[in-house]
Amino acid sequence: MSDSSELPKSEKEEEVTPEPEEQSDDSSEDEAAGDADMDFMRNLFSSALGLSSAEKVLDELTLDGVARYINSGKCKNIICMVGAGISTSAGIPDFRSPETGLYANLQKYNLPYPEAIFQIDYFKKHPEPFFALARELYPGQFKPTICHYFMKMLKDKGILRRCYTQNIDTLERVAGLEGDDLIEAHGTFYMSHCVSFCCRKEYSLEWMKEKIFSDDIPKCDKCSSLVKPDIVFFGENLPARFFTSMKMDFPRCDLLIVMGTSLQVQPFASLVSRVSKNCPRLLINMEKSGQVNPMMSLFGFGEGMDFDSDKAYRDVAHISTCDDGCLALADLLGWKAELEELVKKEHAKIDSQDAKEKASENKGATAKASSASAPPEPKAEE
């Protein structure tokens with residue numbers, strides 16, 4: 001989930017005031033966000049006043065040019081920004097596709113409007129639709145894609161600084177990216193917490209899975225309040241780590257790779273503007289997204305992606321599925337066979353583990369049924 005592995009923060013989030021029980025006890029998140037915003041504004045005004053200069057790093061604004069740059073050895077800190085498009089080939093729907101997207105197929109839940117299923121206020125009153133949907137899309141039912149394993153290869157080769165994901169499907173973790181490699185901007189199913197501000201007891205992925213698949217509405221063992229996966233609903237704040245990490249990561253970025261996202265949801269979409277003026281940006285997507293707003297550009301605030309203008313010097317758009325784009329880039333890098341072998345090996349490992357778990361479950365169910373149907377043993381005579 002993002003566009004459905006991508007759980008969106010509201011486009012109108014600036015107008016939403018979280019309930020007091022959702023707010024943090026300290027101001028670290030607000031301070032981090034404020035510092036990041038100040039840096040962003042400085043960059044904007046610097047650009048508008050012509051105080052910054054940009055150097056062309058890529059010898060060609062193509063996928064080949066990006067590959068040569070990576071192979072040059074000068075590209076040591078790659079940041080990936082990813083959304084729902086990297087998970088659709090795994091079978092997880094995105095949010096906004098007109099006929100196949102998640103929002104287009106929620107009629108069965110009788111919602112007042114599609115986004116209500118991810119509204120924190122609605123969830124607290126009517127949790128049933130969300131948990132019914134979670135049962136359909138729960139992590140563990142899908143395998144990571146070629147795109148996920150391409151990012152794992154970047155990590156293994158020591159050039160992935162971080163992956164910023166809108167997705168909540170945990171497939172980045174399944175593919176081998178660990179906590180420090182990831183900023184899960186819209187949260188994750190990986191952990192859950194009691195929604196009561198006075199409690200906030202933590203629960204594991206397995207605990208939540210058991211509740212969801214037994215048709216129980218998860219309730220806290222300690223205070224009986226609802227328990228919610230740690231995904232960001234409309235009306236909630238993004239994780240504080242999102243704001244603190246972006247301030248450290250993006251100024252150091254050598255190459256920004258954006259994959260499978262419409263870049264419509266803020267503040268995630270604004271991250272493309274936080275890299276240096278010299279940093280190349282590659283978009284792998286089914287359509288061009290995140291482009292310069294013409295009105296903002298008139299005032300010198302052209303901080304979006306620029307693929308086609310006469311002034312374009314660093315942005316590359318590769319229009320394809322994310323898997324095809326990653327395979328094409330891996331081929332140019334000389335990594336294609338290695339990537340295909342990694343995907344094959346990891347998928348086989350997942351299939352083997354699933355088979356073992358199913359065999360164990362079947363064995364347990366058979367033993368339980370056999371025990372229930374067996375006649376009681378006669379009591380021994382005294």
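The values are calculated or read from the model by the stated rules, or taken from the named source; none is laboratory data. Note that the structure is predicted; figures quoted are calculated from it, not measured. Ideal geometry is used to build each Cβ from the backbone, glycine not excepted, and the neighbour counts take in all protein chains shown. Protein only, heavy atoms only, side chains kept; ligands, DNA and RNA dropped before computing areas. Shrake-Rupley method; radii C 1.70, N 1.55, O 1.52, S 1.80 Å.
Roll a 1.4 angstrom probe over the protein heavy atoms and tell me the percent of accessible area of segment 310-355 that is carbon or sulfur.
Carbon and sulfur atoms account for 50 percent of the accessible area of segment 310-355.
What does the net charge come to around D215 if you take all other residues with beta carbon closer than 12 Å to its beta carbon, with K and R at +1 and D and E at -1?
Net charge around D215: -1.
Once a ≥ b ≥ c are taken as the square roots of the eigenvalues of the Cα gyration tensor of segment 231-343, is the result rounded (a/c under 1.5), prolate (a/b larger than b/c) or oblate (a/b not larger than b/c)?
oblate
Tell me, in nm to one decimal, what length is gained between E136 and D351 on full extension, where the rule is 0.36 nm per residue of separation less the Cα-Cα distance?
Full-extension gain reported as 75.5 nm.
Grab the other residues whose beta carbon is less than 14 angstrom from that of T62, score K and R as +1, D and E as -1, and report the net.
Within the 14 Å Cβ shell, the charges total -2.
Enter the accessible area of R173 (Å², nearest 10), with the probe set to 1.4 Å and all protein chains included.
Here the residue's solvent-accessible area equals roughly 60 Å².
Solvent-accessible area per residue for segment 106-189 at a 1.4 Å probe radius, Å²?
On a per-residue basis, 35 Å².
Assign one of three labels to segment 202-257, namely rounded, prolate or oblate, based on the Cα gyration tensor with a ≥ b ≥ c the square roots of its eigenvalues; rounded applies when a/c is under 1.5, prolate when it is not and a/b is larger than b/c, and oblate otherwise.
Because a/c hits 1.5 or more and a/b exceeds b/c, segment 202-257 counts as prolate.
How would S214, S196 rank on accessible area, largest to smallest, probe 1.4 Å?
In descending accessible area the options line up as S214, S196.
Could you pull out the GluC sites (Glu not before Pro) across segment 115-180 that fall in loop regions by DSSP (anything but H, G, I, E, B) with no more than 11 other Cβ atoms inside 10 Å?
Of the GluC sites (Glu not before Pro), the ones in loops of segment 115-180 whose Cβ has at most 11 other Cβ atoms within 10 Å are E178.
If you roll a 1.4 Å probe over segment 143-283 with all protein chains in place, what percent of the accessible area is carbon or sulfur?
That fraction is 48 percent.
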